[in-house]
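Structure record follows, encoded as structure tokens.
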Amino acid sequence: MASLLLGRSPSSILPSWPHRPVSASFHPRTPSSSAAAHVSVHDPPPQDPAPPPDSITNGNRSSSNTRYIWVNPNSPRAAGVARSRAGSSCRARLASAAAVLGACEPAEAAVAAALEAAFPEPPAEQDAVIVLNTAAARPETAVLALRWFLEKAEVRKKAILYNVVLKLLRKKRRWSETEVLWGEMLRDGVQPDNATFSTVISCARACGLPGKAVEWFEKMPEFECSPDMLTYSAVIDAYGRAGNAEAALSLYDRARAEKWKLDPVICSTVIKVHSTGGNFDGALNVFEEMKAAGVKPNLVVYNTMLDAMGRAMRPWVVKTIHREMTDQKVQPTRATYCCLLHAYTRARYGGDAMAVYRLMKDEAMDIDVVHYNMLLSMCADIGYVDEAEEIFRDMKASIDARSKPDSWSYSSMVTLYSSTVNVLAAEGILNEMLEAGFKPNIFVLTSLIRCYGKAGRTDDVVRSFGMLEDLGISPDDRFCGCLLSVAANTQTEELAKVINCIERSNAQLGAVVKLLVDKSSTSESFREAASDLLSSARGVVKMPYCNCLMDLCVNLNQMEKACALLDAAQHLGIYTNIQTRTQTQWSLHLRGLSVGAALTTLHVWMNDLYTALQSGGEGLPPLLGIHTGQGKNTYSDRGLAGMFEEHLKELEAPFHEAPDKAGWFLTTSVAAKLWLEEKKSSELVFSDSLLHRFLQVVGQLLHSISL
């Protein structure tokens, strides 16, 4: 029986002509053998030549350097061996052609010469595809090679070759060449298919041209093409980037309605569209919906969700998603940690932000100056002095230039030391900043002036203001508000120095402050001037201006002007919903007010309560409440709650802190009536003696703040 001898051991199938013993001729050689085997499907193995005499030792012949294995040409395995040899030869030839083409200059003649040398006969379509795929060094060369193959090769479907080159252009992000090749394709009479459109659309997306991606997507019906899932994903993202969120979400709704199989790519795209449009609930819904549909979130989806919830200022959701990501054993990347840093620093979750930062340090991840500055800004706002100093040392010790401190880094450190009234440290950072070649900006000088103001160093406030003028920096609203805040806590004998700085920064604001200080000016004239100022001021500075002006009024015992300013602010809508009334409770909401503004509002409210009691109408509701909020206040490190507790004790008012409602002081109408009647009998309500005592307490509180 004819059969393949390679690897067969029975001696009965061996041919009768002379051959080597099986042990020598057919035993597989080990990898360490240096002898080469010759396989033939045509000729029998040649006879071993007679060895030279000196090669026979002890009756044994020395082994030959070349070994032959004969394969029966009638065996089915012979065709496979032949195809294997032919395939290897073809692959080598195509690889050689691709290498020559890759090194070729992008000139039509040079490309044609290289391909003609590689293909004496017309190449097959598959050969053209392989060469174009592997010779992808230069898009220009690939386009010229495509034209040669379209002319010389045996091509049945030209769209395949066009798609190969379009994918190369997408990889290189060459949009203009993509448009040119699209035009050639149409002039050549080639019908684009789904792969063509998908490639062109994703190329436009990669090149940052969402409008072009949408344009090509809308051309698909003209060519009777239907988008696939990848195309839909790219177009949903393109619509979102182009600002057409409605169209993006409409495509997503269509995908759901037609029960297409959702994948992480589409879901992450839709989450990003929702996030960019500010619809964070929609982003969260898509995230939960994809899990309910059995789509497992991948790293991109998790990172997109972390970024979205960070933008939404929902750090508690960020923590939940990160915990889920860990439970699912999805390995976080640097992008993951950057999203976490962004979320926690924005929300001022100091402990969580520092934990992420130290984890990134342990993993030796790159942290650029932007993320360092986010951390420093957070530390400055929440008073993390030790943590900020650690971060700042790490920045200065970094060998990466992208991590070195910049002007914003120094600004945050000055702000940090300013908030803790550490004058020496603030001045030290300023000197470091100057030595590093950075000029102080308005933020640095604003923080420095606030620091000097809190420390009671008025002359240094004036000197710092001079630096602003020397550097040619124009004061902004925030800077003027800082000067106003300093004035509210400055001793009367030095107040003129600060007022002069205010007047030089903002003439209208300076005129209002002068009217406030002038005891001969009327409350009405002051109210009118303050109303004009606040009406023309930007929205973000109106309440800070009011707060500081009222602090200054109270500090100077100008209570009538404080009440007039409060009335003007309420008419202008600056203070809204300070008082709320229901059938069961009247409340005073002081959260966000400065100490002077809050105590002025309390004074007016108590007189309103007395008036309501005197009117003989419905009287007071069962419950009265004052909401101060909890924690630190922008205008006081102690917070309003602690100060109001002291002040209410001074007035012997029956308000007590609610054990189950933080930041609330409550009393009953019965206790309030008794207290108001008692004060009436003592002629303290709305009397000069009460006003004097009230101003005494306020003055003490404001003085404690300045210290």
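The values are calculated or read from the model by the stated rules, or taken from the named source; none is laboratory data. Being a predicted model, the structure only gives us computed values, none of them experimental. All Cβ positions, even for glycine, are placed from backbone atoms using ideal geometry, and neighbour counts span all protein chains on display. Areas reflect the complete protein model, heavy atoms only, side chains present, ligands, DNA and RNA absent. Shrake-Rupley method; radii C 1.70, N 1.55, O 1.52, S 1.80 Å.
Just a few scattered comments:
- Solvent-accessible surface of the stretch 254-308, averaged per residue with a 1.4 angstrom probe and all protein chains in place: 47 square angstrom.
- For the stretch 355-413 versus the stretch 197-224, the spacing of their alpha-carbon centroids is 42 Å.
- Partners of residue 649 within straight-line reach, counting aspartates and glutamates whose Cα lies under 17 Å from its Cα and excluding those fewer than 8 residues away in the same chain: 657, 678.
- Once the chain from residue 396 to residue 521 is taken as fully extended at 0.36 nm per residue, the excess over their C-alpha distance is 39.5 nm.
- Shape call, the stretch 475-574: gyration tensor on alpha carbons, a/c limit 1.5: oblate
- Extension gain, residue 674-residue 152: 0.36 nm per intervening residue step, less the Cα-Cα distance, totals 177.3 nm.
- Charge sum, other residues only, whose C-beta stays under 11 Å from residue 418's C-beta, Lys/Arg counted +1 and Asp/Glu -1: +1
- For residue 212, net neighbour charge (Lys/Arg +1, Asp/Glu -1) across residues whose Cβ lies under 15 Å away: +1
- R0 of 22 Å, Cβ-Cβ distance residue 184-residue 218: FRET efficiency to nearest 0.05: 0.55
- Between the beta carbons of residue 579 and residue 389, assuming R0 = 30 Å, the FRET efficiency works out to 0.10 to the nearest 0.05.
- Surface composition of the stretch 339-424: carbon and sulfur atoms hold 52% of the protein heavy-atom accessible area at a 1.4 Å probe.
- Solvent-accessible surface of the stretch 475-574, taken per residue with a 1.4 Å probe and all protein chains present: 41 Å².
- The alpha-carbon of residue 329 sits under 27 angstrom from the alpha-carbons of these lysines, leaving out residues fewer than 8 places away in its chain: 261, 272, 291, 296, 319, 361.
- Summed residue charge, Cβ within 12 Å of residue 429's Cβ, Lys/Arg positive, Asp/Glu negative: -3
- Residue 661-residue 250 pseudo-label distance in nm [points 7 Å out on the Cα-to-Cβ vector]: 4.9
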